[in-house]
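Have a look at the structure below, then the notes.
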Amino acid sequence: MNVASELSLLQQTVLIAAALVLFLSFVLLAQPRLLAAIRAFAWQGGLLALITGLVATVNAEAHLFVSALLTLALKAILIPWMLHRLTRRLELERHLEAVKHAAFVQIVAVALVLFSYWLVLPIIQQDLGFTRNIVAVSLAVVLLGLWVMITRQQAVFQVLGFMSIENGLFLAAVSATEGMPLVVELGIAFDVLVAMVLFGVFFLRIHNSIDSLDVDRLNRLHERLEDSR
Amino acid sequence: MNMLAWLLLTPVASACVLAMVRSLHAAGWMNVTASLVTLVASVLLAIQVAGSGEIVSAYFLIDAFNVYLIVLTSFVGLTTAIFSRPYMAYVHETGMTDTRGLRLYHAMYQAFMFTMLLALTTDNIGVLWVAVEGATLATVLLVSLYRTPEAIEAAWKYFILCGVGIALALFGTVLLYFAAQHSDGWSDASLAWSELYQHSAGLEPVVTSLAFVFLLVGYGTKVGLVPMHQWLPDAHSEGPTPMSAVLSGLLLNVALYAIVRIKMLVDGSMAGTGTPQLAGWLLMGFGLTSFLVASLFLHRQRDIKRMFSYSSIEHMGLMTFAFGLGGPLATFGALLHMLVHSLTKSAIFVTVGHAAHIAGTQNIDNIRGLIRTQPAVGWGLLLGVAAIAGFPPFGVFTSEFLLLTATMDSQPWFTVALLSGLAIAFAGLFRHLHPMVYGVAPEGQVPVPANMIPVAIHLLIVLVLGFAIPDVLAGWIDRATLLITGAHWL
Amino acid sequence: MSSFAWLTICLQALIYVSLAPLLTGWIRKAKARLQNRRGPSVFQPYRDLRKLLAKDVHVAHTASPLFRVAPYIVFVSTWLAAITVPILVVELPTAAVADLIVLVGLLALGRFFLALAGMDVGTAFGGMGASREMLISALAEPAMLMAVFTLAMQAHSTNLSTIVTHQIELGLSLKPSLMFALAALSLVAIAETGRIPVDNPATHLELTMVHEAMLLEYTGRHLALMEWAAQVKLMLYGALIVAIFFPWGMTEIVDVDGVMIALLATLGKLALLGAVLAGAETVLAKARLFRVPALLNFALLLGLLGLLSHVILEIGT
């Protein structure tokens, strides 16, 4: 049964944007250039704001407009800008990080998408609006963000993964429950902002401490455990 | 309500003020004063609740379950603040951190207390999430306070693992909200726990069980459940000792509190299905694994704070197991264990902080002969470890005995696993403890200025609880048990 | 009616052979304009073909008979493949064989003989070109199939005519799966027709060429057929993309007016597509050969995402 054709153009745009959000998660996974990855993340945030705004329009939910604006400001502008500034400050603009085992990483990523689809099937079966199919995408974005954090060694990429997990969660909230209560959403936005500031502090500290942002080199505590065997 | 405002606003206000206070001396005393005000407010709140049963307002819910944790949290907050005043002064003298670092420390200490208290008092599970995430953010800079490469690594690990874990918990929260919106006969669904609890029978079991898995993994990361425990030993060993004390004594409790609250909802929704015990079984599985793995890991530790953090994982595992087991007896035992473990573990960390200053290292192999160099610290460590290992007559023995009895009642085979785990942990602790306390002290080892009063108070309370639980406290815990399991034990 | 239908089929077939050089000429012209050159006339490819057809054929001593046959096989198979792609009218009598799998197979047949012919004479360049062509096609084919499956799942058929009909009936609809399939198919088309950034059709620089390297030994009418086949292939891919993703104007009812409208619409769309291609080729630089697998893997991923987003986002339960 095909449902897409029964939707209005606005709703179809939401689906397209959701698919692009997923696509950008794949880009984050494969993009070797730091600045391009940050840009991809900013686009993801922008699309998220677009989705939120459209869902707000379709379902006539006023409070979603607020969260759309919040997302746009935070995820599409402020955080990418902060990351951009930090990379310039740490002179990482030309940083290239080859993705190891690229094919394997992508295959696992596709498997994760399938897994999240399978996981949320019982939810999709509930009576939901046109956004029901996006729930699977949102979980996939969460899991892909996790996968980015596992496969990337560089701290900035890990933060991008972390933040795209947040994007996925936000998408889940928008698509499954038409957003969270405003208090909670403000709290989450505050937490994300503080987390970003702290990440910035940590970049500087890690950079001062090991003269690199390659997190794989943070292995002292692990080694000490090896010694004690 | 008034007391609630005092309780929550005191830490916020003092965090703001402490961020600006330059004098170390003044900041230390202000920290203690603020903690004292918080404690007084929490005790008054508890009395209020004892009179009226429970307080429900738009955003807050105080009932028997969380009020005792609130008092515990502010009490440990106060004693740790008392300990941290001279301790941080000593740290400052040794030059491990500068004045700015100490300002950060004091402000974040109060901010952390605020997030803990907010998480405990709030009725909204979304705000609960925000508060627990806030607790990570408040402590993460403190873990890397000393700025050594190890400390930075530990803090980064803590940040990333807890951040990711807690993100999964948010997904679970979204799912719960979703279930609430789609339950029958509840038009204005909200994230308020009390309302969710009322309507829990109408929540779709498939969705709530999925949500529970995400929430368990998420908050379980904070509790330190194996295999999400990796951050815990690092963060405890590299951060300042007062931080380790409050992390072990309070943060883990609050995360477990969140899990238990969620379990109550899920149990309500699963009641009519074929597997009403699903959430309980999951908790038991995670709990038992953490308990056994941590007790084995105790043996191979070389860092004293790492060792005790594994002991924390072990005890949190035990409590998780007990809450999973359900039933009034097990729940009563688990609640009691939460209390005595917090008190004992924070006392131990305080003592360990002094011990590490005496020896000048955290390496177990180099900490020797404490009882000769400074008897108070030596005795403190000895008694603390005896208490945490479950020796009678300490309170930990009582609660562990209750837990074992409960296990024997419902799942006898697990008793074997629990007993062997306790024995292994016991051996691990004492193997390392003996030379540290009684060994030959190295030349030139001198006592340090130590404030052992908090330790003494904590251990005394634990001791008293081992002999007899006061009626007031027993009644309290029993009311919490009634709330969680629906039945009295006493 | 039936005879008119057959007439239309012949018309479609003729359009491919007659207008393919024009499309190539148009793209070259557009490109030249974008690069601030005047460029040759759009009819220059016709003149080239006429000249080549009139010239003598020279065949290397080492060449086997296969070398002489290959141009005809390549041309015919490409042409047959092209005929399966509807450009004017859907549901013609030949629609039954107009299957996407058949299309992929016919193209593979042509490519197989092209590569054989490239190696036949035994020169280094021919072999090099053939091996590169096989590398690219081996990577492009899965991506193409993935895009094809995405489309097939929408229409529940791999029949091109059915797919196009389905698309026409759907009207204007934004579907993520189609978007990804379009992107994947475009990348595949670029690789298969040897355009920038995979291959440069205008170069004869030994180190970079792929398609030209295989044709180095050909002369006269053989070369003309090979070039012509390449032009038909380019038009085929253009027509395929246009037919599947922008089918508006194509007709089901076979009458003169409908066919005329369809012809105009298709030509307009192809011209537009050609202009876009020219623009893209002006902006992009040719990639190193070793980057080509990454590009095609990306196309495969896009195809896969198309498939996934169809399953996840577009199917209701």
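Overview of results
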quantity	calculated
Residues whose placed amide H lies under 5 Å from that of C:Ile315, excluding near-sequence neighbours	none
Debye log10 I(q)/I(0) for chain C, one point scatterer per Cα, at q = 0.10, 0.14 Å⁻¹	-0.56, -1.13
On Cα atoms only, tilt of B:99-121 relative to the major axis of chain B in degrees	30
Principal-axis tilt of helix B:149-181 within chain B, Cα atoms, nearest 10 degrees	10
Degrees, to the nearest 10: A:134-151 long Cα axis against longest axis of chain A	10
Residues in the range C:158-194 reached by a label modelled at C:Ala5 [backbone nitrogen below 15 Å; 7 Å Cα→Cβ]	C:161-162
Long-range HN-HN contacts of C:Asp99 with modeled amide H, under 5 Å	C:Leu160
DSSP H segments from chain C that extend 27 Å or more along their own axis, Cα-based, with Kyte-Doolittle mean of -0.5 or above	C:2-34, C:65-84, C:100-120, C:124-155, C:220-245, C:256-283
Average beta carbon contacts from partner chains per residue of B:173-186, 10 Å cutoff	5
Whole-percent pair-distance distribution, where bins are 10 Å wide, for the alpha carbons of the range B:337-490	11, 34, 31, 16, 8, 1
For the range B:16-171: rounded, prolate or oblate by the Cα gyration tensor [a/c cutoff 1.5]	oblate
Debye intensity ratio I(q)/I(0), log10, the protein assembly as shown, q values 0.05, 0.09 Å⁻¹ (C-alpha model)	-0.41, -0.98
Within straight-line cross-link reach of B:Lys263, aspartates and glutamates at Cα separation under 18 Å, skipping those fewer than 8 residues along the same chain	B:Asp63, B:Asp123, B:Glu195, B:Glu204
Over the protein assembly as shown: helical MRE at 222 nm, DSSP H runs n ≥ 4 each giving -39500 (n - 2.57), nearest 500	-25500 deg cm²/dmol
Cα-based shape type of the range A:1-150, given that a ≥ b ≥ c are square roots of the gyration tensor eigenvalues and the cut on a/c is 1.5	oblate
Of C:Lys29/C:Lys269; C:Lys31/C:Lys55; C:Lys175/C:Lys286; A:Lys100/B:Lys222; C:Lys51/C:Lys269; A:Lys75/A:Lys100, those spanning more than 22 Å from alpha-carbon to alpha-carbon	C:Lys31/C:Lys55; C:Lys175/C:Lys286; A:Lys100/B:Lys222; C:Lys51/C:Lys269; A:Lys75/A:Lys100
For B:Asn124, residues with placed amide H under 5 Å, excluding near neighbours	B:Trp193
Cβ crowding within 10 Å averaged over residues, with B:280-287, B:326-333, C:274-281 ranked highest first	B:326-333, B:280-287, C:274-281
Potential lengthening between B:Ala26 and B:His488 on full extension [0.36 nm per residue; Cα-Cα distance subtracted]	161.6 nm
Separation between Cα centres of the range B:214-237 and the range C:201-230, rounded to whole Å	64
Residues B:Thr275 and C:Ala294, FRET efficiency given R0 of 60 Å [Cβ-Cβ distance, rounded to 0.05]	0.80
Those aspartates and glutamates that a straight Cα-Cα span of less than 14 Å connects to B:Lys157, excepting residues fewer than 8 apart in one chain	A:Asp214, A:Asp216, B:Asp234, B:Glu238
Calculated FRET efficiency for the pair A:Leu182/B:Val56, C-beta based, R₀ 30 Å, to 0.05	0.90
FRET efficiency, 1/(1 + (r/R0)^6) with R0 45 Å, evaluated for C:Val97 and B:Thr148 via beta carbons	0.05
The range C:239-317-the range B:128-143 distance, computed between alpha-carbon centres (Å)	50
For the range B:408-465 and the range B:296-319, distance of Cα centres in Å	11
Fraction of antiparallel bridges per DSSP, the protein assembly as shown only, in percent to nearest 5	90
Sequence-separation-based contact order of chain B, relative, with Cα cut under 8 Å and 6+ spacing, percent	14
Cα gyration tensor shape of the range C:1-98, rounded if a/c is under 1.5, else prolate or oblate by comparing a/b with b/c	oblate
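Each value in this text was obtained by applying a stated rule to the coordinates, not by laboratory testing. Because the structure is predicted, anything quoted here is derived from the model rather than measured. Note: ideal-geometry Cβ built from the backbone for every residue, glycine included; neighbour counts use all protein chains shown.
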